[in-house]
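Below is one structure, written out as structure tokens; comments come after it.
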């Protein structure tokens with residue numbers, strides 16, 4: 001769905017081929033790190049959907065999948081409030097090797113909130129994987145175990161990441177040029 005006009009809304013940061021190549025590399029790393037073990041992969045929806053789909057096809061080890069959805073409710077949706085994590089009640093994490101997968105590590109609050117809750121379920125091990133890590137100052141004392149790409153502090157869409165539920169299906173990762181978007185009436 002690329003039109004001449006829509007190309008002015010995006011700046012390509014990471015092409016589809018680079019993502020595919022990096023997923024193959026990280027799959028080999030995970031296979032070595034989890035040799036002889038089964039991974040319980042917990043994806044944070046919706047942004048990690050495409051990453052997880054491609055990752056599980058690249059992995060040559062046993063993987064089970066669960067998912068959680070997260071939201072923070074604040075004043076008028078503009079101020080971060082208390083993190084709500086839905087779906088944890090369906091997960092049996094005790095004694096499992098958990099890999100939490102998220103789309104982007106920005107402030108770090110969502111990922112840290114999910115792993116804190118999962119740790120209470122007494123897994124055998126817990127690691128995290130993110131598609132993108134923004135180079136920004138953070139107030140959380142945590143870094144993901146596996147990062148596919150580091151990026152500058154830009155608003156990004158594509159490959160699962162969205163802007164108001166749009167643009168998730170773009171094949172690469174793009175900076176969204178908000179100033180070029182048409183205004184909504």
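Assuming a ≥ b ≥ c are the square roots of the Cα gyration tensor eigenvalues, decide whether the chain counts as rounded (a/c under 1.5), prolate (otherwise, with a/b larger than b/c) or oblate. Write out the running numbers ahead of the final one.
Details: a/c = 2.07, a/b = 1.37, b/c = 1.51.
Because a/c hits 1.5 or more and a/b fails to exceed b/c, the chain counts as oblate.
If contacts are Cα pairs under 8 angstrom and at least 6 residues apart, what is the relative contact order of the chain in percent? Before the final figure, lay out the partial values.
Details: 329 pairs, mean separation 44.6, N = 185.
24 percent.
Checking the a/c ratio against 1.5 first, then a/b against b/c, what shape does the Cα gyration tensor give for the stretch 12-121? Spell out each step's value before the answer.
Values: a/c = 2.51, a/b = 1.29, b/c = 1.96.
Taking the square roots of the gyration eigenvalues as a ≥ b ≥ c, the stretch 12-121 is oblate.
Mind pulling the per residue volume of the convex hull built on the Cα atoms of the stretch 96-185? Å³ is fine.
129 Å³
No lab work stands behind these numbers, since they all come straight from the coordinates. Treat the numbers as computed from the prediction; the structure is a model and nothing was measured.
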